[in-house]
Amino acid sequence: MKNILIFSVVLLTACQSSVLPHKERQITDFIPTEKKLEIQSLPKTNFAETNFPNNCEWDNFQRVVDGDTIVTDKYRVRAIGIDTPEVKHPNKPIQKGGIAASDFAKEFFKDSQKVCLIPSRIGDEFDKYDRKLAYIFTETGGDFNLEILKSGHAKGYFYFDFDRKPEFRKVVGK
């Protein structure tokens, strides 16, 4: 019985390789199609120049919660595309670098009375903690998400889709 089973497997394997066509891959198989090239060659625009101040939802700034969260009159706002070490997490201790990230945010917003909130065109409007997800700008056009990322006080948070992901990846070298 064992020999019959082995013979059947060998026979089926031999038949499969002779029946199914074998296609050798050519170098041209790896060249992007016209559609891929078309998408890659779309003009690159600066997000801040294209969206600030035209696409702003203006709100009164109240305070910094930590390095990636602020409070306005209407919302608790989580900065899209970045993550900073925890300072005020209910179940975690203060993490290394968290206070420096919070201090950076406080300094960034120290003269701000209003902030511009711009949501991502792709992705969610609110997170699971009911915080508004947004790119946050000062009245003078300071781009908080980008500047804290450039400073090294935040890392890129690439687990979710957002429209500035390629720009932020470039900043952090990923």
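Here are the numbers for the structure shown:
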item	result
Ratio of the Cα radius of gyration of segment 88-161 to 2.2 N^0.38 Å, where N counts its residues	1.18
Using a Förster distance of 30 Å, the FRET efficiency for Lys114-Phe160 (Cβ separation, nearest 0.05)	0.65
Per-residue Cβ neighbour rank within 10 angstrom, fewest leading, Thr72, Thr140, Thr84	Thr140, Thr72, Thr84
Cα→Cβ-extended label distance, 7 Å offset, between Asp73 and Lys174, nm	3.6
Over 26 Å (Cα to Cα) - which of Lys74/Lys128; Lys74/Lys96; Lys110/Lys155; Lys92/Lys132; Lys92/Lys174 fall in this group	Lys74/Lys96; Lys92/Lys174
Computed E for Arg63/Ile122 - FRET, C-beta separation, R0 30 angstrom, nearest 0.05	0.55
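Every number here is computed from the coordinates shown, using simple stated rules; none is lab data. Every value quoted in this text rests on a predicted model; they were computed, and no experiment measured them. Note that each Cβ is placed from the backbone with ideal geometry, even for glycine, and that neighbours are counted across all protein chains shown.
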